[in-house]
Amino acid sequence: MIHKLKDRDALILVGSVLGLGLILWLMALPLAALPAPIGPAAQQFSDGALTTIELTLWASVFGLILGVLAALGKRSHLPPMRWLADLYVWVVRGTPLLLQILFFFLALPAMVPQLRLSEFWTAVIALSLNVGAYNAEVIRAGINAVPLGQVEAARSLGLSSLYTFWDIVLPQAVRISLPPLANNMVALLKDSSLAYAIGVVELSMASSRVQAESFQPVPVFITVAVIYLLLTTTFTQFAAALERKLAVGKR
Amino acid sequence: MRDGKPIIHVEHVRKSWGAFTALNGVSVTFKEGEVVCIIGPSGSGKSTLLRTINQLEKHDSGRIMVDGIELDNDLKHIDAVRTEVGMVFQSFNLFSHMTVLDNITLAPRRVRKWSDEKATQVALELLERVGLSAHAHKYPSQLSGGQQQRVAIARALAMQPKIMLFDEPTSALDPEMVNEVLLVMRDLARSGMTMLIVTHEMGFAREVADRVIFFDHGCIVEESTDPQQFFSNPNHPRAQAFLKQIKHAA
């Protein structure tokens, strides 16, 4: 019974990744069959969705790394590290994402001209920093939830603090943090629509353009909402299956 | 067994948290191969003594030497001592995301740099010794408390320590599981392991101890190398009162 369930989860894991790929790759085909204004703009929707996913995946990876680093910073024995991590989380969570994106696009190159990146990578950086701050809190809570007794047991066996973190704390912290992390990723997917403000042609920008050309907001925005729902559903299915798969040995 | 050479020196060790003094200038020496049971009321400092010996708690003052290594501020010394000293906790503290086998092999692989094959072989031998061969691939949550504690003992033994510390190893167990753990410990005591045991199992202490130490208010108030004599007729009034109360409870 348990094995069957695990196999099912493995299937969902693989299925949701393949599903996401298939959606992105083949989406234009069914859309093209729809009447105007959707049919003729099928490729625009498809390209926009691809850009949305690219933004989300890059920002997820960087945001996870930033989240772990900031969580460790917040728990550091060195006060400057704690201050730095606290400052980062405080600023990012206390200001609007739209402002952060505009800041990296407009203000930063004005101060440091060498930091002028493409719209896409500017958006990736702003989104990564944003989700990283939220991930930091989630990961910190996960680390705190690992029983201290297990850390003491590891140390009493002679394991270094690095091995103790890597072998004992991190795997369990990730398991505990996974549902809220997945939540942050889904929010990130939707928040990536704000990249639209600096001219990244992601899904929202694409739909806005199609709407502006056709003057038919209802079919356009329903289509784009359905595409977002499909994308977020593959994410949540993947996260739920991963959570069940990692739940081994859980009390 | 009692004339082994000294392996742990504790000299004038103090430890306090705020106004609470857990260890109030404790001095004691433990010898190789000796089985010492440490008893006393809760909060008397007996667990703290064990925890300072492998530096899960840092002592405020005094000296602790384990197998010729002084526990000072040098982290290398602390790690060196910890690889020679195994510890078993009241609440087992198994790594809950790892199988029984991985729990046991982790430290030998990481710290002793053993190969997977060697670590696994040693782990399986130890599981056999604690009577849990059939459970190697289970997770801690699938085991009873007594089984978990036996795994914890096997995990500590896998590092091939010279000394084993037991911090109330049976206090968190259901009564019917106490014996299976004591059985393993008795077996270990017979094999010549140096053991320091904080316990409330007076029958067990009486049976296996080479020496009994009675703690009260952060001090050793009575020591005896004759457990039979100590348990039936202790000298110190506080030891008398403590043992009397325990007998009433039993």
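The values are calculated or read from the model by the stated rules, or taken from the named source; none is laboratory data. If you're wondering where the values come from, they're calculated on a predicted model, not measured in any experiment. We place every Cβ from the backbone using ideal geometry, glycine too, and count neighbours over all the protein chains shown.
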- Counting just the residues of the stretch A:15-38 that are within 21 Å of A:Phe221 (Cα to Cα) and of a type in the set (Gly, Ala, Ser), which one comes out surrounded by the most Cβ atoms within 10 Å (Cβ to Cβ)? A:Ala28
- Which one of A:Ser177, A:Ser207 is surrounded by 22 or more Cβ atoms within 10 Å (Cβ to Cβ), part of a helix (DSSP H, G or I), touching a residue at least 24 places away in the same chain (Cβ under 8 Å) and within 14 Å of chain B (Cβ to nearest Cβ)? A:Ser177
- Task: Take the residues in the stretch A:153-168 that are more than 7 Å from every other protein chain (Cβ to nearest Cβ) and hydrophobic (A, V, I, L, M, F, W, C), then tell me which one is surrounded by the most Cβ atoms within 10 Å (Cβ to Cβ).
- Result: A:Ala154
- Query: Looking at the stretch A:130-152, which of the residues that are among the hydrophobic types (A, V, I, L, M, F, W, C) and closer than 23 Å to B:Val151 by Cβ is farthest from the other protein chains (Cβ to nearest Cβ)?
  - Reply: A:Ala145
- Of the conditions (1) within 19 Å of the chain's Cα centre (by Cα); (2) within 14 Å of chain B (Cβ to nearest Cβ), A:Ala247 fails just one. Which one is it? (1)
- Please tell me if B:Ala172 is at pLDDT below 95 and either within 14 Å of another protein chain (Cβ to nearest Cβ) or part of a strand (DSSP E or B) (or both). yes
- Note on the structure: When every residue in the stretch B:45-81 that is within 13 Å of another protein chain (Cβ to nearest Cβ) and more than 24 Å from B:Phe215 (Cα to Cα) is compared, the one surrounded by the fewest Cβ atoms within 10 Å (Cβ to Cβ) is B:Lys76
- Message: Name the residue that is surrounded by the most Cβ atoms within 10 Å (Cβ to Cβ), counting only residues in the stretch A:181-204 that are among the hydrophobic types (A, V, I, L, M, F, W, C) and assigned to a loop (DSSP other than H, G, I, E, B).
- Response: A:Val200
- Based on what the data block shows, is B:Leu101 within 14 Å of chain A (Cβ to nearest Cβ), crowded, with 20+ Cβ neighbours inside 10 Å and part of a helix (DSSP H, G or I)? no
- Task: Identify, from the list B:Ser232, B:Ser171, the residue that is of a type in the set (Ser, Thr, Tyr), out of contact with any strand residue (DSSP E or B) (no Cβ under 8 Å at 6 or more places or on another chain), over 29 Å from B:Gln55 (Cβ atoms) and surrounded by fewer than 21 Cβ atoms within 10 Å (Cβ to Cβ).
- Result: B:Ser232
